Amino acid sequence: MKFNLTRKFIDQLSALIKEDKPNKVLGLVRDLHCADIAEIFEEIEFKKSAYIYNLLDDNLGADVLVELDDDIRESLLKTLSPKEIAEDVIENLESDDAADIVSDLPQEKKEEVLSHIEDVSHASDIADLLKYTEDSAGGLMAKEFISVKTNWSITQCIKEMRKQAEEVKFVYTIYVVDENNILKGTLSLKKLLFSNAKTIMSDIMKSDIIMINANKDQEDVANVMNKYDLVALPVVNELGQLIGRITADDVMDIMKEEAEKDYQMASGISDDVESNDSIVEITKARLPWLLIGLIGGLIGAKVIGIFDIEKNYEMAIFIPLIAAMGGNVGVQSAAIVVQGLAGGSVSIVSMWSRLIKELGVAIVNGLICSLIILIATYSLGYDMAMSITVSISLFAVIIFAALFGTFVPLTLEKYNIDPALATGPFITTVNDVLGLFIYFLIGQMILGL
């Protein structure tokens, strides 16, 4: 049943904590999903979160930690000793989630935690995962998976799988490897159950495997799993040896993180921030792009000052229209390209075809908008020269903005810079300045500024 967090529930929980009634507090949260408890922690004071956390059993507490935002999780971990983290948290998590927790700890505490893990194999798996960067396939993978040998029979496979399955929460696919642990194929549970007991793995395995190298970026992982509709993706090293697997729930987290990051960049926020971050942290993330916008505004004012508009002061009336249309068209074009690059439907190879397509769209939109503004301005009583100036300027600005909005993210992608930067204040500011320059340049030619 879906849990809906309400103010009434928080008030009730807070009252019980204040009255120090642990059994009643536990009764309210014990049967909730770990993600629901994490949501509660994010809405209440840290002291209350710590109070509730200490009441949870080790398995549930560990799962809640995985679901929490980094700041709250870090604060909770500070209240635990290395031994408590190892025994109460790490030993109750799969290797990928455990590695995420350990990676956030200071180096000295990290080593202490690993030394307190009783399961040497589990500790070794976590240490291996910590060697990979957080945003790589290796950093996302879990070391728990089921693998069988190519020369094993069904009977032998089932026997070995029973041993391996104790460490695996969900079995999506059986991986078939050779004597050197090189991934050779996959096998579904259905195929395993319906095959003859003496059948050899190499005879029934599926050999056309979708896999990914451990050093690939997390965006590549998300794109591959999305493209091929996979629930689990095997991870291999440079030799093709099977070293882990990534599951669909991990990819959902990636897509959420990437979407949040791109949205913040598009909004002019340079660093990853949360609503509960300090004023200083939020200011540091927002201020750089605001300063760029401020400088752009000053340059725009300078552009206006270059031209003498006293003779045709009516041109000033249409400055907001020209600037707004240029910014809107540029952001539209950039957003489409960024979306295509993220999903893999647009590549650097198709740059010219993309530019030509956007040019075609811009010409059609530009003609329609410029015709409408020509009729509107003349109908409102402006003379024909002024109406033509605004109309031609609008057409030119739309063409420029569309091409610029397409070209910039493609160029950023080519130089391995996040193209999402192109959908925010950068595009808007540049389009404002150059759009005004185009407008007044055309005004100079037609109206003689």
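Give me a count of the residues in the stretch 284-305 that are within 19 Å of Phe440 (Cβ to Cβ), of a type in the set (A, V, I, L, M, F, W, C) and surrounded by 13 or more Cβ atoms within 10 Å (Cβ to Cβ). Before the answer, list the steps.
So in the stretch 284-305, the residues within 19 Å of Phe440 (Cβ to Cβ) come out as 296-305.
When the remaining residues are screened for being of a type in the set (A, V, I, L, M, F, W, C), the result is 298-299, 301, 303-304.
After this cut, where a residue has to be surrounded by 13 or more Cβ atoms within 10 Å (Cβ to Cβ) as well, the list is 299, 303-304.
Qualifying residue count for the region: 3.
The residues of the stretch 219-251 that are among the hydroxyl-bearing types (Ser, Thr, Tyr) and either within 18 Å of Ser147 (Cβ to Cβ) or assigned by TED's automatic domain parsing to the domain that holds Asp97 (or both) amount to a single one, Thr247. Beta carbons closer than 7 Å, at least 6 apart along the sequence or on distinct chains, never pair a first residue in the stretch 198-218 that is assigned by TED's automatic domain parsing to the domain that holds Lys131 with a second that is modelled with pLDDT under 90 and of a type in the set (Ser, Thr, Tyr). A single member of Ala123, Ala127 is assigned to a helix (DSSP H, G or I), buried (at least 21 other Cβ atoms within 10 Å of the Cβ), without any contact (Cβ under 8 Å) to a residue 24 or more places away in the chain and out of contact with any Cys (no Cβ under 9 Å at 6 or more places or on another chain), and it is Ala123. Remark: pairs (first residue in the stretch 303-327, closer than 15 Å to Ala385 by Cβ; second residue surrounded by fewer than 14 Cβ atoms within 10 Å (Cβ to Cβ); Cβ separation under 8 Å; 6+ apart in sequence or on different chains) = Ile309/Ala316; Lys311/Gly448. In the stretch 169-197, of all residues being loosely packed, with under 12 Cβ neighbours inside 10 Å and free of Cβ contacts under 8 Å to residues at least 24 places away in the same chain, the one that is nearest to Ala142 (Cα to Cα) corresponds to Lys190.
Among the numbered conditions (1) modelled with pLDDT under 90; (2) under 21 Å from Ala316 (Cβ atoms); (3) surrounded by 17 or more Cβ atoms within 10 Å (Cβ to Cβ), the only one that Ser387 does not meet is (1).
Residue count for the stretch 329-351 satisfying the condition of being modelled with pLDDT of 75 or more and under 15 Å from the mean Cα position of the chain (by Cα): 1.
Here are some residues: Leu56, Leu77, Leu60. Which one is part of a loop (DSSP other than H, G, I, E, B), surrounded by 15 or more Cβ atoms within 10 Å (Cβ to Cβ) and without any contact (Cβ under 8 Å) to a residue 40 or more places away in the chain?
Details: Leu77 fails: part of a loop (DSSP other than H, G, I, E, B); Leu60 fails: part of a loop (DSSP other than H, G, I, E, B).
Only one candidate qualifies: Leu56.
Is it fair to say Lys311 is of a type in the set (D, E, K, R), surrounded by fewer than 19 Cβ atoms within 10 Å (Cβ to Cβ) and more than 40 Å from the chain's Cα centre (by Cα)?
On the way: of a type in the set (D, E, K, R): yes; surrounded by fewer than 19 Cβ atoms within 10 Å (Cβ to Cβ): yes; more than 40 Å from the chain's Cα centre (by Cα): yes.
Spelling it out, Lys311 is indeed of a type in the set (D, E, K, R), surrounded by fewer than 19 Cβ atoms within 10 Å (Cβ to Cβ) and more than 40 Å from the chain's Cα centre (by Cα).
Applying a threshold of 6 Å to beta carbon distances and a minimum spacing of six or more residues, or different chains, the list of pairs starting in the stretch 239-251 at a residue that is closer than 23 Å to Ile182 by Cα and ending at one that is among the basic types (Lys, Arg) reads Gly244/Lys143.
Are any residues in the stretch 148-177 part of a strand (DSSP E or B) and of a type outside the set (Ser, Thr, Tyr), and if so, which ones? Spell out how you get there, then give the answer.
First pass over the stretch 148-177, keeping only residues part of a strand (DSSP E or B): 148-149, 153, 174-177.
Within the stretch 148-177, Val148, Lys149, Ile174, Val176, Val177 qualify.
Scanning the stretch 371-384 for residues that are surrounded by 13 or more Cβ atoms within 10 Å (Cβ to Cβ), among the hydroxyl-bearing types (Ser, Thr, Tyr) and modelled with pLDDT of 90 or more returns Thr377, Tyr378.
Condition (residue is more than 26 Å from Ile243 (Cα to Cα), assigned to a helix (DSSP H, G or I) and either in the same structural domain as Ile243 (by TED's automatic domain parsing) or in contact (Cβ under 8 Å) with a residue 60 or more places away in the chain (or both)) applied to the stretch 94-102: is it met by at least one residue? Step through it out loud before you land on a result.
To start, the set of residues in the stretch 94-102 that are more than 26 Å from Ile243 (Cα to Cα) comprises none.
No, the conditions are met nowhere in the stretch 94-102.
As for the stretch 6-25, it holds no residue that is part of a loop (DSSP other than H, G, I, E, B) and either touching a residue at least 60 places away in the same chain (Cβ under 8 Å) or surrounded by 14 or more Cβ atoms within 10 Å (Cβ to Cβ) (or both).
Would you pick out the residues in the stretch 282-329 that are small (Gly, Ala, Ser) and farther than 15 Å from Ile438 by Cα? If you could, list the steps in order and put the result at the bottom.
Initially, the stretch 282-329 is screened for residues small (Gly, Ala, Ser), giving 285, 293, 296-297, 300-301, 305, 316, 323-324, 326-327.
Once the filter is applied, which keeps residues that are small (Gly, Ala, Ser) and farther than 15 Å from Ile438 by Cα, the stretch 282-329 yields Ala285, Gly293, Gly296, Gly297.
The values are calculated or read from the model by the stated rules, or taken from the named source; none is laboratory data. No experiment lies behind these values; they were computed from the predicted model shown. In this analysis, Cβ positions are derived from the backbone assuming ideal geometry, glycine residues included, and neighbour counts consider all displayed protein chains.
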